[in-house]
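Before any comments, here is the structure.
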Amino acid sequence: MKYRVVVCGTGTEVGKTHVACALLGHLVSVGEGALGLKPVESGVDGESETDASLLARRGGTRDIGACFAFNDPVSPHLAARREGRAVELSAIRLWISEHDAGWQVVETAGGLLSPLSPKLTNLDLTRALEPTALVLCAPDRLGVLHDVTVTLMALRSLGLESRTVVALSAPAIADDSTGSNAVELTGLGIADRPVVFPRATFESRGTQDAAAALAARLTDLMSPTL
Ligand SMILES: Nc1ncnc2c1ncn2[C@@H]1O[C@H](COP(=O)(O)OP(=O)(O)OP(=O)(O)O)[C@@H](O)[C@H]1O
Ligand SMILES: [Mg+2]
């Protein structure tokens, strides 16, 4: 059985790479073949560590970079324009199919509705990838009830909401809502039992338990890719 999990977010810097890396680490620890993939990445300047390399390290695979890597640390549509290039779904689909694995964990760039080109967003990319399941990452802080609501509405428009597990990642600085948002999201009927990642290292018990819980939820949801 092949699994393709698209990791999307309510925005940028919300914990997508952290959650994807924790999930990859768990999958590898239980003997699953897993590959982290970052199809589009900006801010690839040859100096800063890339999401692609972080995903590779946690998955224990070599760094294959991104299908579309751009230098400037701005929205991919803008970074691409500055380089006279364009993100194309067909190229990403081919690149993903060339990197086969039991579990493909695919991290998108920025938020679900962030533009990849004048006519493409991560929502279009997500649909094109035909995921078996999705992880929607959001920070465990004030504003998340709104942000998860609207992002799930966008996924619902494509019939993908029922395949989505929400993951909340603890922010560097907690606010008065941190720790209560998962219960509120469930109680308000916005998202069913989000998985909460503490502010902690990959080696911590809390992170490993959250990653195991996320993997179990995804396995429950998934049907094989075509
Ligand atoms: N639960 C957590 N515990 C510890 N550190 C975290 C956690 N969540 C996020 N971080 C850290 O916060 C920063 C931003 O998180 P991350 O890189 O995962 O966000 P992102 O959504 O992938 O961002 P981007 O949109 O740039 O890809 C990183 O330095 C990451 O290591
Ligand atoms: Mg990231």
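Roughly what % of DSSP beta bridges within segment 3-221 run antiparallel, to the nearest 5? Could the numbers behind the result be given before it?
On the way: 2 of 28 bridges.
About 5 percent, rounded to the nearest 5.
Extents of segment 173-226, largest first, come to 44, 33, 14 Å (Cα atoms, principal axes, whole angstrom).
I need the shape label for segment 38-148. Rule: rounded when a/c is under 1.5, else prolate if a/b > b/c, else oblate, with a, b, c from the alpha carbon gyration tensor. Mind dumping the intermediate values first?
On the way: a/c = 1.22, a/b = 1.06, b/c = 1.16.
Rounded.
Each residue of segment 156-173 was assigned a 3J(HN,Hα) from its phi angle through the Karplus curve 6.51 cos²θ - 1.76 cosθ + 1.60 (θ = phi - 60°); the sequence is 4, 4, 9, x, 9, 4, 5, 9, 10, 10, 8, 10, 9, 10, 5, x, 4, 10 Hz, with glycine and proline shown as x. Here the Kirkwood formula puts the hydrodynamic radius of segment 76-115 at 11.9 Å, using every distinct Cα pair. Under 5 Å between amide hydrogens, built in the peptide plane, is the criterion, and for residue 37 it picks out 105, 106, 107 among residues at least 5 positions away or on other chains. Measuring gaps between exposed loop sites in the chain (GluC sites (Glu not before Pro); DSSP loop; at most 16 other Cβ atoms within 10 Å), the longest gap, sites not included, is 89-202.
Close amide H pairs (under 5 Å, H built 1.01 Å from N) link residue 169 with 138, 140, 197, residues at least 5 positions away or on another chain.
Work from the charge dipole of segment 138-221 (Cβ charges, +1 for Lys and Arg, -1 for Asp and Glu, about the Cα centre) and give the residue of 164, 200, 148 farthest towards its positive end. Among 164, 200, 148, the one farthest towards the positive end of the dipole of segment 138-221 is 164. Across the options 103, 9, 40, the greatest Cα extent toward the positive end of the charge dipole of the chain (unit charges at beta carbon of Lys, Arg, Asp, Glu) belongs to 103.
Could you work out the percent of alpha carbon pairs in the chain separated by over 26 Å, rounded to a whole number?
Details: 7817 of 25425 pairs.
Tail of P(r) above 26 Å: 31 percent of Cα pairs.
How large is the charge dipole for segment 114-226, taken about the Cα centre, if only the Cβ atoms of Lys, Arg (+1) and Asp, Glu (-1) carry charge, to the nearest 20 debye?
220
Here segment 3-221 is assigned +1 on the Cβ of each Lys and Arg and -1 on the Cβ of each Asp and Glu. Its dipole about the Cα centre then comes out at about 340 debye. Using a ≥ b ≥ c from the Cα gyration tensor of segment 28-99 (square roots of the eigenvalues), is it rounded, prolate or oblate, where a/c under 1.5 gives rounded and otherwise the larger of a/b and b/c decides, a/b for prolate? Here segment 28-99 falls in the oblate category.
Legend: ranking of residues 218, 78, 23, 54 from fewest to most surrounding C-beta atoms inside 10 Å; resulting order 78, 54, 218, 23.
Working note: Karplus 6.51/-1.76/1.60 with θ = phi - 60° gives segment 190-206 the couplings 7, 8, 7, 6, x, 8, 9, 9, x, 6, 6, 6, 5, 7, 5, 4, x Hz, where Gly and Pro are set to x.
Partner lysines whose Cα lies under 29 Å from the Cα of residue 2, excluding those fewer than 8 positions away in the same chain, are identified as 16, 38.
None of the figures in this text is laboratory data; all of them are computed from the coordinates on show. No experiment lies behind these values; they were computed from the predicted model shown. Ideal geometry is used to build each Cβ from the backbone, glycine not excepted, and the neighbour counts take in all protein chains shown.
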